[in-house]
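Asks: One structure, pasted below without further comment.
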Amino acid sequence: MNGVRKTLLAFVAITITVGALWFTNRSVTPKEATWEDVQAEAKQSGYHIINTEELRKRYSKNPDRLLLVDTRQEWEYRAGHIKGALNFPIEPTWLSRWRKKGDLEAFIGSDKDRFIVFY
């Protein structure tokens, strides 16, 4: 009886270990954001979306009042970016944005009158 109990306990331990390894090592495909997702996040977060024409007008009128933030990876930024844009690489996940929140606040600075554009 004691041997059966040990075998059953070992089987349960192995099953839990295999399940935990599978769960933590499985590949997770991030959800593709739809236009509706982008609009909903903008509304919820209190920012608005502009198109390229509005950006061009603002950039032509007063580029010093704009803070252009290129959120792509550094190598993509080096390959080409809008003149005057600064690079702040960030992944499009809530966890990445949450982890970099303090860094982003320091990066943006205290000038609240600038129009900030993330792309």
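The values are calculated or read from the model by the stated rules, or taken from the named source; none is laboratory data. Computed from a predicted structure; not experimentally measured. We place every Cβ from the backbone using ideal geometry, glycine too, and count neighbours over all the protein chains shown. Heavy atoms of the whole protein, side chains included, go into the accessibility calculation; ligands, DNA and RNA do not. Shrake-Rupley method; radii C 1.70, N 1.55, O 1.52, S 1.80 Å.
Asks: Number of Lys-Lys pairs in the chain under 29 Å by Cα, sequence gap 8 or more or different chains?
Replies: So the count works out to 18.
Asks: Would you calculate, for the chain, the mean residue ellipticity at 222 nm contributed by helices, counting each DSSP H stretch of 4 or more residues as -39,500 (n - 2.57) and dividing by all residues, to the nearest 500?
Replies: -16500 deg cm²/dmol
Asks: Through the Karplus equation 6.51 cos²θ - 1.76 cosθ + 1.60, θ set to phi - 60°, convert the phi angles of the range 104-114 into ³J(HN,Hα) values in whole Hz; use x for Gly and Pro.
Replies: For the range 104-114, the Karplus curve yields 5, 4, 5, 5, 5, x, 9, 6, 7, 8, 6 Hz.
Asks: Would you work out what percent of the accessible area of the chain, with all protein chains in place, is carbon or sulfur (probe 1.4 Å)?
Replies: Exposed carbon and sulfur together represent 60 percent of the surface.
Asks: Counting other C-beta atoms within 10 Å, and keeping those with at most 14, which DSSP coil chymotrypsin sites (Phe, Trp or Tyr not before Pro) do you find in the range 28-98?
Replies: Sparse-neighbourhood loop chymotrypsin sites (Phe, Trp or Tyr not before Pro): TYR47.
Asks: Might you report the magnitude of the Cβ-based charge dipole of the range 31-119 about its Cα centre, with Lys and Arg at +1 and Asp and Glu at -1, to the nearest 20 debye?
Replies: 240
Asks: Once the Cα gyration tensor of the chain is diagonalised, what are the square roots of 5 times its eigenvalues, in whole Å and ordered largest first, as equivalent ellipsoid semi-axes?
Replies: For the chain, the ellipsoid semi-axes come out as 49, 15, 14 Å.
Asks: With a 1.4 Å probe and all protein chains left in place, how much accessible area per residue does the chain have, in Å²?
Replies: Spelled out: the 1.4 Å probe surface of the chain, per residue, equals 86 Å².
Asks: Would you mind checking which residues have amide H under 5 Å from VAL117's amide H? H placed 1.01 Å from N; only 5 or more apart, or other chain.
Replies: LEU67, LEU68, VAL69
Asks: Moving to a separate point now. Let's test this: bin the Cα-Cα distances of the range 14-72 at 5 Å from zero up to the farthest pair and state each bin's percent.
Replies: Here the calculated profile for the range 14-72 is 4, 13, 12, 15, 13, 10, 8, 7, 7, 5, 4, 3, 1, 0.
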